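Below is one structure; the comments refer to it alone.
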Ligand code: CA
């Protein structure tokens with residue numbers, strides 16, 4: 001704390017009375033004011049000097065309120081001021097033209113593109129080649145990380161490639177500012193405020209300098225893109241220089257990601273997924289959601305796409321996944337696939353991580369051809385599909401335009417109940433027509 005004070009001219013802005021109260025109220029402060037150090041001094045809620053106007057009235061009102069709540073919840077007033085004093089509206093979140101601004105946030109690529117397009121743009125030859133090079137350059141570091149956390153180097157390279165192109169692009173936003181904008185914009189206010197609180201705790205610990213809190217547009221920081229709360233819990237100093245430097249130190253960033261994945265349940269030695277071949281008369285309703293042992297799936301006739309037999313343990317649990325229904329690539333997914341989703345909850349993201357991790361190891365996939373001739377649904381179409389499935393009594397969950405497990409499962413139950421073959425739950429225009437015809 002005293003280090004922070006000496007480094008910053010911030011206190012020059014604070015009114016005398018507020019400063020004294022702030023220092024006396026701060027449990028980490030080594031400073032004592034002449035008038036506020038007595039044991040019987042009354043404890044008052046410290047007040048901050050006025051913030052300079054941000055140029056956005058909603059932002060100013062939110063900041064005043066949030067700063068007061070943060071202090072009431074025990075955050076250091078000096079850190080609160082330091083975190084929030086320089087925020088300003090970003091077009092990305094608070095543009096006058098709401099339609100344009102919101103498009104970028106709503107239509108995250110993994111939900112808007114067909115999965116084969118997403119895979120093609122994420123799992124590139126360049127990333128595989130450069131990833132394999134980095135793998136070779138950092139052999140010793142990866143040996144140490146694998147020994148300590150049990151997370152495979154190929155997995156970490158893949159995450160690193162997906163998050164920041166192997167550290168080459170870490171974003172150029174101020175994390176506090178982008179989170180403040182997210183809070184003011186409103187739809188993810190609770191998340192944004194929680195992350196801002198975590199940022200303040202990082203600053204209180206003195207782990208990172210205020211000016212070094214550089215992030216991507218959504219507030220994720222460093223080469224492996226940690227949200228502040230994730231940083232607070234899982235960031236490590238792996239190169240031993242005393243700093244948790246996820247921005248400039250690849251060993252710190254990679255070991256922190258390994259620590260996070262391990263805590264999220266990563267299972268050492270298990271594959272993320274195995275591409276399989278299914279018999280033509282397979283019961284597709286077993287797909288997307290039912291975990292069974294590998295030996296059970298094998299007994300149903302699933303065989304690996306490559307090699308003579310499954311190399312994973314027969315007792316391991318896996319889900320049979322049809323990313324594009326019965327006519328596209330098919331996978332058995334193991335526990336680690338879900339662990340990848342700690343980073344990003346979309347299947348497409350986790351799938352790309354898996355394919356990249358295989359790719360840097362020289363494996364090719366998927367072998368099966370994507371059914372690019374299928375007519376896919378827009379988000380609006382998917383909302384219509386979800387709404388109609390719900391009204392027909394097949395619970396598709398929230399009408400959000402995202403065809404996740406709930407929607408695919410509901411569509412599959414509808415198809416099965418109506419003797420539609422294949423009952424694979426894949427939301428095409430054809431499937432939508434069948435649902436609408438049933439109303
Ligand atoms: Ca370090």
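Rule-based calculations on the coordinates, nothing more; no lab input. In this text the structure is predicted, and so the values were computed from the model without any measurement. Note that we place each Cβ from the backbone using ideal geometry, even for glycine, and neighbour counts take in every protein chain shown.
Quick notes
- Note on the chain: Rg/Rh from Cα positions, Kirkwood definition for Rh, rounded to two decimals, is 1.04.
- Note on residue 233 and residue 165: the model spin-label points, each 7 Å out from Cα along the C-beta direction, lie 3.1 nm apart.
- Our summary gives the chain a relative contact order of 12 percent, counting only alpha carbon pairs under 8 angstrom and 6 or more residues apart.
- Gain on full extension, evaluated as 0.36 nm per residue between residue 379 and residue 52 minus their Cα-Cα distance, stands at 113.6 nm.
- Against the chain, whose longest principal axis is taken from its Cα atoms, helix 125-137 shows a tilt of about 60°.
- Relative to one another, the C-alpha centroids of region 156-180 and region 305-348 are positioned 26 Å apart.
- Highest average first, the peptides 337-346, 126-135 ordered by how many other beta carbon atoms sit within 10 Å of their residues are 337-346, 126-135.
- Here the convex hull built on the C-alpha positions of region 233-385 has a volume of 161 cubic angstrom per residue.
- Nearest-ten-degree value, helix 405-417 long axis tilted from longest Cα axis of the chain: 30
- Of every Cα-Cα pair in region 379-437, the percent that sits beyond 13 Å: 49
- Short-range pairs are left out: with C-alpha atoms under 8 Å and at least six residues apart, the relative contact order of region 273-360 is 31 percent.
- Solvent-free Debye calculation, one equal scatterer per alpha-carbon of region 326-382: log10 I(q)/I(0) at 0.12, 0.19, 0.24 Å⁻¹ equals -0.37, -0.86, -1.10.
- Listed by Cβ neighbour count within 10 Å, with the fewest neighbours leading, 86, 215, 348 appear as 86, 348, 215.
- Packing around the peptides 398-405, 385-392, taken as the average count of other Cβ atoms within 10 Å per residue, puts them in this order, highest first: 385-392, 398-405.
- Gaussian network model of the chain, springs between alpha carbon atoms under 10 Å - residue of 216, 273, 309 with greatest fluctuation: 309
- Descending semi-axes in whole angstrom, ellipsoid equivalent of region 222-262, from the Cα gyration tensor: 14, 10, 9
- Angle of helix 153-164 to the longest C-alpha principal axis of the chain, folded into 0 to 90 degrees and rounded to 10: 60°.
- Treating each Cα of region 273-360 as an identical point scatterer and summing with the Debye formula, the log10 of I(q)/I(0) at q = 0.10, 0.23 Å⁻¹ comes to -0.23, -1.27.
- Only helical runs count toward this figure. For the chain, summing -39,500 (n - 2.57) over DSSP H runs of n ≥ 4 and dividing by all residues gives -14000 deg cm²/dmol at 222 nm.
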